[in-house]
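Please read the structure below before turning to the comments.
The values are calculated or read from the model by the stated rules, or taken from the named source; none is laboratory data. As the structure is a prediction and not an experimental result, all values here were calculated from the model. Cβ atoms come from the backbone with ideal geometry, glycine included; neighbour counts cover every protein chain shown.
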Amino acid sequence: EWNMPDYISEAVARIREQVGTDDVILGLSGGVDSSVAAALIHRAIGDQLTCVFVDHGLLRLDEGKMVMDMFAKNLGVKVLRIDAEEQFLGHLAGVADPEAKRKIIGREFVEVFQVEAGKLKNAKWLAQGTIYPDVIESAGKGKKGQTIKSHHNVGGLPETLNLKLLEPLRELFKDEVRKLGVALGLPHDMVYRHPFPGPGLGVRILGEVKKEFADLLRRADAIFIEELRNTPCELPALESIDAGAAPTNWYEATSQAFAVFLPVKSVGVMGDGRTYEYVVALRAVQTLDFMTAQWAHLPHSLLGKVSNRIINEVRGINRVVYDISGKPPATIEWE
Ligand code: XMP
């Protein structure tokens, strides 16, 4: 257990020593990990850091604006926003296999970085918000010897990129990353935001990714998150949650919550008419380390309200289900 100000000065010194006068490029996803990495590296080397925020078309509702406001406007970090939706969705067309999708998304990220890094003549480093659990899980082998899930942001950078890897959060667990973020002056809401995977909605749209599906999922997900934030929670501080204080609402009482798009149509009835539309699954879990997790016992009234709102407000979805699977044996994400 280290002391935070000491940790920051040590980390800052280490980054400065490692990087020298080189420029660093960082892929900012809007998730907690890359955001804290950006803040830490910015603290160390200021304008030698350029963040690349890739809009791959698989972001949550209003995510791009939120990230740009936070980093570019408020913190004065150099952030390039790259609109790459067509590039990503184009390469994902017709691909249904989860690992193939992850590989494509990872590969396209690298491509975008390569192009952007090429424009920064001094860029020698690629910074990433890899944290300790990512490192362990990517090294983990299933019974048949295959990697359980390939995290696109761990290892495997092609030589052609010609950038060295800077991963200042590699030794930290999630709760430590959050404490570091607060100590670096990031707003509480940002730092205690649920984590968001690098492949984004790409792993929350089962099977083939389509823009139409992403648009439906974004709206359903935003309703779920809004209701979680707006519903008071009277639970005492949960041991499985790392917020450090008793949660005041159900967003704070869960570690990760999101909607999943199922490309399955079922029959429903609306007014006098029959509908035949898609299904959305809600997932909410409580965990400390994301290696194991339990499904959250959300109040039925909350689930009912979210379901009603999604079905009424998102034309194209006529059924909502709740995921009651623990990890293990299920994973948190559906792919
Ligand atoms: P799973 O689904 O393996 O997720 O139980 C554990 C945690 O990791 C996140 N996750 C990812 N993060 N790239 C990422 O950056 C990925 O490919 C990836 N897959 C899962 C997931 O959201 C959860 O927090």
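Looking only at segment 16-50, filter to residues that are over 24 Å from the mean Cα position of the chain (by Cα) and β-branched (Val, Ile, Thr); which one of those is nearest to Arg193 (Cα to Cα)? Applying the filter and picking the extreme gives Ile45. Among residues that are surrounded by 13 or more Cβ atoms within 10 Å (Cβ to Cβ), within 29 Å of Phe224 (Cα to Cα), among the acidic types (Asp, Glu) and modelled with pLDDT of 95 or more, Glu99 is not included. The strands (runs of 3 or more DSSP E) falling completely within segment 1-114 include none with 3 or more residues that are closer than 18 Å to Thr130 by Cβ, within 14 Å of the ligand (Cβ to nearest atom) and out of contact with any Phe, Trp or Tyr (no Cβ under 9 Å at 6 or more places or on another chain). Residues in segment 172-191 that are part of a loop (DSSP other than H, G, I, E, B) and away from the ligand (no atom under 14 Å from the Cβ): Leu172, Leu184, Gly185, Leu186, Pro187.
Taken over segment 287-309, the criterion of being under 24 Å from Val203 (Cα atoms) and modelled with pLDDT of 95 or more is satisfied by Thr292, Ala293, Gln294, Trp295, Ala296, His297, Leu298, Leu303, Val306, Ser307, Arg309.
One line per residue, one yes/no per condition, for (1) free of Cβ contacts under 8 Å to residues at least 24 places away in the same chain; (2) away from the ligand (no atom under 14 Å from the Cβ); (3) buried (at least 20 other Cβ atoms within 10 Å of the Cβ):
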site: Ser255; (1), (2), (3): no, no, yes
site: Ala259; (1), (2), (3): no, no, yes
site: Gly273; (1), (2), (3): yes, yes, no
site: Glu313; (1), (2), (3): no, yes, no
site: Arg319; (1), (2), (3): no, yes, no
site: Trp334; (1), (2), (3): no, no, no
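When Pro232, Pro236 are screened for being modelled with pLDDT of 85 or more and either surrounded by fewer than 16 Cβ atoms within 10 Å (Cβ to Cβ) or within 15 Å of the ligand (Cβ to nearest atom) (or both), only Pro232 passes.
Among the residues that make up segment 313-326, is at least one of them farther than 19 Å from Lys174 by Cβ, out of contact with any strand residue (DSSP E or B) (no Cβ under 9 Å at 6 or more places or on another chain) and not assigned by TED's automatic domain parsing to the domain that holds Arg178? Looking through segment 313-326, at least one residue is farther than 19 Å from Lys174 by Cβ, out of contact with any strand residue (DSSP E or B) (no Cβ under 9 Å at 6 or more places or on another chain) and not assigned by TED's automatic domain parsing to the domain that holds Arg178. Among the candidates Trp295, Trp250, the residue that is under 21 Å from the mean Cα position of the chain (by Cα), touching a residue at least 24 places away in the same chain (Cβ under 8 Å) and within 16 Å of the ligand (Cβ to nearest atom) is uniquely Trp295.
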